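First the structure, in the form of structure tokens, and then the observations on it.
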Amino acid sequence: MTPAGDLSREPLTPEALGPFLETAVFGRGLIETHRVIDSTNRRARELAGENAAEGALVLAETQTAGRGRFGRSWHSPPGKNLYFSLILRPALPLEKTPLLTLAAGLGAGEALGRTVGRRPDIKWPNDLLLDGLKIAGLLAESEGREKGAGFVVLGLGLNVNLGADELPVELAGRAGSLLMATGRTWDRAEVLAALLKGLEDEYLALEAGGEADMLARYRKRCLTLGRTVRVAQGREVIEGKALDVDPKGRLVVQIGPGGETTAVSAGEATITGAGY
Ligand code: BTN
């Protein structure tokens, strides 16, 4: 039974979202809700291939095969968290697509700051952390962009009302939630609406040429900069000090004190220390 007035446990529906929605495009057209789905990203890609319009939203209460970066799975227990994917058709040159994922992390983080009063740090490229624990991850998957048109599916998973005692053992001490960071439960519809607004604002600003401003704000929130990192790119592992995020969204790493630098475009950046 849902206790009267406990909105944190209401199922997430378009009707619940509607009153909170402040966007122009994101979540304004098609909204597909699933009680159970394999992956909202998988479904959104399918819809995009069938010409679904920009801003179409796929939402799920639980995912049986939620996808994380690097082929990992995304822990998706029912009813507690947010799992959603948006279809984007960016008016951006192909080489600027990576900036989209940075802008999305920034927009989602700003939205959480405004709504729940705690602004997450960003671990490059777009993990959101509160108190050092990962609360959200973004997975952008694009198709057909090299041919000029194409689409990007932007998937976001956010741990909202998940208690520390509900984390699987392999995530204990690494993953957090809004509940764990703020000590209270949240109405997922309100949080989702805020995220859509934050994502849309950054997306439109980027399309309007605001990349330098976005990057400047991103660098301020990026916890990775100035730290010693180990970046795994396939079999190659780079270790050094993270100096900057360059105009292409790559992490610039100094390999050894005073040594040469290299720019990393993708990969898992584990923070190993405070700096040299
Ligand atoms: C990461 O590894 O940090 C990215 C995680 C992205 C998870 C979200 S949950 C909603 C959407 N659907 C998926 O299958 N993955 C993304």
(message) Only Cα pairs within less than 10 Å get springs; with that Gaussian network setup on the chain, which residue of Ser76, Ser142, Ser177 has the largest fluctuation?
(response) Ser142
(message) Which trypsin sites (Lys or Arg not before Pro) in segment 170-276 sit in a loop by DSSP (not H, G, I, E or B) and have at most 12 other Cβ atoms within 10 Å of their own Cβ?
(response) Arg174, Arg184, Arg235
(message) Can you work out the Karplus-derived ³J(HN,Hα) for every residue in segment 240-248? Use 6.51 cos²θ - 1.76 cosθ + 1.60 with θ = phi - 60°, whole Hz, and x for glycine or proline.
(response) x, 9, 6, 9, 6, 10, 7, x, 8
(message) Treating only the Cβ of Lys, Arg, Asp and Glu as charged (+1, +1, -1, -1), what charge dipole size does the chain show about its Cα centre? Round to the nearest 20 debye.
(response) 500
(request) Round to the nearest 0.05 the FRET efficiency obtained for Glu141 and Asp165 when R0 = 45 Å and r is the Cβ-Cβ distance. (result) 0.85
(message) Once you place label points 7 Å from the Cα toward the Cβ at Glu260 and Leu204, how far apart are they in nm?
(response) 4.5
(request) Mind giving me the nanometre distance, one decimal, between the label points for Ala216 and Ile271, set 7 Å out from Cα along Cα→Cβ? (result) 2.4
(message) Could you tell me the extents of the chain's C-alpha atoms along the three principal axes, largest first, rounded to whole Å?
(response) 61, 45, 32
(message) Between Ala149 and Ala24, what's the calculated FRET efficiency when r is the beta-carbon distance and R0 is 25 Å? Round to 0.05.
(response) 0.70
(request) Loop only per DSSP, at most 13 neighbouring Cβ atoms within 10 Å: give me the chymotrypsin sites (Phe, Trp or Tyr not before Pro) in segment 150-212, ordered by residue number. (result) none
(request) Starting from the exponent 0.38 and prefactor 2.2 Å, build the expected Rg for segment 115-244 from its residue count and divide its actual Cα Rg by it. (result) 1.19
(request) Once you have the Cα-Cα distance between Arg72 and Ile238, take 0.36 nm times their residue separation minus that, and quote the gain in nm to one decimal. (result) 57.7 nm
(message) As I understand it, the dipole of the chain uses +1 on the Cβ of Lys and Arg and -1 on the Cβ of Asp and Glu, about the Cα centre. Which of Trp74, Ala172, Thr13 lies farthest toward its positive end?
(response) Ala172
(request) Output the Cα-based Rg and Dmax of segment 198-247 in Å, rounding Rg to one decimal and Dmax to a whole number. (result) 13.9, 37
(request) Quick one: Debye curve from the alpha-carbon atoms of segment 185-276 only, equal weights, vacuum; give me log10 I(q)/I(0) at q = 0.23 Å⁻¹ to two decimals. (result) -1.06
(message) For Cα pairs less than 8 Å apart in space and 6+ apart in sequence, what is the mean separation divided by the residue count of segment 29-144, i.e. the relative contact order in percent?
(response) 20
(message) Counting just the Cα atoms, what span does segment 1-141 cover along each of its three principal axes? Round to the nearest Å and put the largest first.
(response) 50, 39, 31
(message) To make sure I understand the rule: partners must be lysines, Cα under 26 Å from the Cα of Lys241, and not fewer than 8 residues away in the same chain. Which ones qualify?
(response) Lys96, Lys123, Lys134, Lys220
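Read-outs throughout are calculated quantities, based only on the coordinates presented, and are distinct from any laboratory measurement. Quantities reported herein were computed from a predicted structural model and do not represent experimental measurements. Quick reminder, even Gly has a Cβ in these numbers, built from the backbone with ideal geometry, and neighbours come from all protein chains shown.
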